[in-house]
1. Can you tell me the dipole magnitude for region A:62-143 around its Cα centre, using point charges on the Cβ only (Lys, Arg +1; Asp, Glu -1), in Debye to the nearest 20?
2. Name the long-range amide H neighbours of residue B:163: under 5 Å, sequence gap of 5 or more, or other chain; modelled H, no Pro or chain starts.
3. Evaluate peptide B:20-30: per residue, the Cβ atoms of other protein chains within 10 Å of its Cβ; return the mean as an integer.
4. Using θ = phi - 60° and the Karplus form 6.51 cos²θ - 1.76 cosθ + 1.60, what ³J(HN,Hα) does each residue of region A:72-88 get, whole Hz, x for Gly and Pro?
5. Rank by packing, highest mean first: peptides B:199-206, A:176-183, with packing defined as the count of other Cβ atoms within 10 Å averaged across residues.
6. Report the far tail of the P(r) of the protein assembly as shown, meaning the percent of Cα-Cα pairs longer than 42 Å.
7. Within a 10 angstrom radius of each residue's Cβ in B:43-54, how many Cβ atoms of other chains show up on average? Whole number is fine.
8. Let me see the pair-distance distribution of chain A: every alpha carbon pair, 10 Å bin width, integer percents in order.
Amino acid sequence: MEHGDHHHDHDDHSHLSEIELRVRALESILVEKGYVDPAAIDALVETYEVKVGPRNGARVIAKAWADPAYREWLRTDATAAIASLGFIGRQGEHMVAVENTPGEHNMVVCTLCSCYPWPVLGLPPVWYKSAPYRSRAVLDPRGVLAEFGVRLPETTRIRVWDSTAEVRYLVVPMRPEGTEGMSEEALADLVTRDSMIGTGLARQPEAVR
Amino acid sequence: MNGAQDLGGMMGFGPIAIEQDEPWFHAEWERRAFGLTLAMGATGSWTIDMSRHARESLPPAEYLTSRYYEIWAKGVEKLVVAVGLVSAEELTQGRSLADPAPIKRVLKAEEVPAVLARGGPAERPIDQPARFAVGDRIRTRTMHPQGHTRLPRYARGKTGVVELVHGGHVFPDTNAHGQGEQPQWLYTICFSGRELWGDQADPTIRVSIDAWESYLEPA
C-alpha cells in the first residue's frame, strides 16, 4: 500500500494540502481518544482496495447468463442469489437486479449521495459521485450514455433507477452475440463495471480474444 | 433539506470526468477519510441517516467544491462534535485536550470482515399492511422539510406508479434526527420522463425512486 512521503518529515507540513492536514488531525484526535484503532482503518481500506471489486459482480452476471435457474433466482431474490456466491454485507444488504433487453436499457444513479452496491462492484468511481453524473442521469440519460460512448437505438427505452433508499441495484447487461458455449469464467471477462451500472455495455468476445 | 446534495435535474456542471483505470483512492488522505468514516460508523455513535444529513448540511458552495471523501471527513467532524465525542476546540487545535467520552464500542482490525459482512440491513418488521400495491397510481407529496429527507426535489408532487414493494424500512427522515427508526413501507415508484421534466422530455425515458409510504398519496 502506498503511504505517501509524510512519515519522515514531521517538522515540515508545508507541502501538505489543507485537506491532508485536516484528515490527519481528525485521525490523530480520534486515535488519541481511543475511539478508532488505526489498524482497523488499514483493514477497512485493504478490504476495498484488494478484496472487493467489480470482478464479484461480473461473476454474478456470467452465472446469470449461463444458468437459467440462477438468472430466475437473481430476478426474484437478488440478495440471496448474490449471497450464494459469497458477496454479502455493507451497501449490498438489499439487492435488486434489473435486466437489460433489446427494448429497455437500465442505468443506476444516486442523485442524493453515492449509494452503490459495494459487495458486487466495490467502491464507486469518482464520476459516479460527482455533480455532472448525478445531476444529468435522471434528466438526460441518453446524453449521459453518449458521453460514455454508448449509443442505443432511438426506440430503446431507458429506465433510470435513482437509489434513494437502502436498496441497491445491479444492472444485468445483455449477453453479447456469439458467446454460446463460453465458460462462466470467459463470460465474466466480458462484464465491465460500467455495464453493471448501466453506463456501458458488455464487451464483445472479439474484444477480449 | 433542499441542500446541494439534491442534484437531480440541475444543469451546468459540465461533462462527466471519466477516468480510465481509476484507482480506488487518489491520495493517502482519501484512504484515511474513508476508513475513519467507516470505523467511526461502527462505534454506533450515529446512524447512516445522521451521516448523510451531516454531509448534506454543508453549505452548498462548500459541498459542491469539496472532493467526495472530503465531504465524508467534514461529515465525521460535524458528527463527533454533535454527539460530544470531540470538542470544536480540539478540532481547531488538531489534538485531544480532554479525556475521551464514553463510546459504545471500538472497531478492532480483526472484527472488520465480520462487521462488513453483517452490514446494516434497513429492513424492519412492520405491523400495518402496505397502503399501496404494485400497479397503483400515486402522487408524491410536495414538501420542503428543513431536516433530512430522501425524496428528491425533482420527484415531488409527481404522479407515478408503484413498481416494487420492498417491505418495512427504517425511515431516514426521523432516524437522521434521533427520532427513532419508525419503519415504513418502502416502494419503488416509476415516473415517465415527461411527468418529471415536461412535454419536451424524451418520451422513451422512465425514472424511478425508492419512496417511503408517507412520501406518497393516492393519485
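1. Working: 8 positive and 7 negative charges, 67 e Å.
Dipole about the Cα centre, nearest 20: 320 debye.
2. Counting only residues 5 or more places away or on other chains, the set is B:135, B:188, B:189, B:190.
3. On the way: counts 0, 0, 5, 4, 9, 6, 1, 6, 11, 12, 5.
Neighbouring Cβ atoms belonging to other protein chains average 5 per residue here.
4. 5, 5, 4, 5, 9, 8, 4, 4, 6, 4, 6, 4, 5, 9, x, 9, 9
5. Averaged packing, sorted descending, gives the order B:199-206, A:176-183.
6. Everything past 42 Å amounts to 13 percent.
7. 1
8. The distribution over chain A is 8, 29, 31, 18, 11, 3, 0, given as percents.
Read-outs: derived from the displayed coordinates by stated rules, not from any lab. Fair warning: this is a prediction, and the values are worked out from it, not measured in the lab. Here the Cβ is made from the backbone with ideal geometry for all residues, glycine too, and neighbour counts use every protein chain on show.
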